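Any read-out appearing in this document is the output of simple, stated calculations on the displayed coordinates, not a laboratory observation. Keep in mind that what you see is a predicted model, and the values were worked out from it rather than measured. Cβ atoms come from the backbone with ideal geometry, glycine included; neighbour counts cover every protein chain shown.
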Amino acid sequence: MQELTAPDIRASFVNADDRDLEVLDLPADLMLVDWFHLDFLAWRDPSDRGRCYAIVELDGDPTGIVLRAALSSARAHNGICNICRTMQPGNQVTMMSARKGGEAGRRAESIGTYMCADASCHQNVRIAHPLAPNEFRANVDFRIDSTARRMREFVRRVRDAD
C-alpha cells in the first residue's frame with residue numbers, strides 16, 4: 001500500500017460527511033505503520049469505539065470508508081469474520097455497517113458485514129490459528145490475498161453504490 005499522510009487519509013473517505021471527518025481520530029500508531037507490508041489500513045476510532053475506518057487502494061487511489069459497529073457484539077457462539085474468514089469468539093466479531101457513497105448514502109442506504117471487532121483482519125491472517133471444526137488450513141499467502149481482495153470488494157460496493 002502506498003504511504004499515506006493524515007491529509008491523504010482524510011481525503012480518501014467516500015462515504016464521510018463533514019461531521020465524520022471532524023471527529024475522525026487517526027490511529028495512534030500511524031507513524032509506525034509499515035506501508036510496504038500493508039494490504040489495507042483499518043482501525044477502530046480510539047475516542048469512539050462505535051466507529052471504524054478502512055482504507056484500501058482502488059484503481060491506484062486510496063479509498064476509505066467509515067463504518068459503524070453494532071451496539072452490542074456480545075454473542076454466545078463463535079463467529080466468522082467475512083473479511084479475513086477467521087473464526088473467533090462471538091464477542092470478537094461484530095456487524096459493521098457503512099453508509100453507501102454518493103446519492104444512495106444521502107438516502108441513508110447502508111451495507112454491512114461481519115468483521116473482526118478490533119479491525120485486525122490484516123494481522124489475523126498472518127498468524128497461525130488452531131483449526132476450528134469445519135475449517136481448513138489454507139496457504140498463508142492465499143489467505144492474505146483473499147482478505148485484501150474481500151476488503152477491496154466491500155469498499156468498492158460502498159463506493160459504487162449508485
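Observations
- Taking other C-beta atoms within 10 angstrom as a stand-in for reagent exposure, T86, T113 fall in the order T113, T86, fewest first.
- Given +1 at the Cβ of Lys and Arg, -1 at the Cβ of Asp and Glu and no other charges, the dipole of the chain around its Cα centre is 740 debye to the nearest 20.
- Computed from Cα positions, the angle between helix 140-159 and the longest principal axis of the chain comes to roughly 30 degrees.
- Using C-alpha pairs under 8 Å with a sequence gap of at least 6, the mean separation divided by the residue count of the chain gives a relative contact order of 22 percent.
- A simple packing score, the average count of other Cβ atoms within 10 Å per residue, orders the peptides 62-69, 99-106 as 62-69, 99-106, with the highest score first.
- Ellipsoid equivalent to the chain - semi-axes via the Cα gyration tensor, in Å: 25, 19, 15
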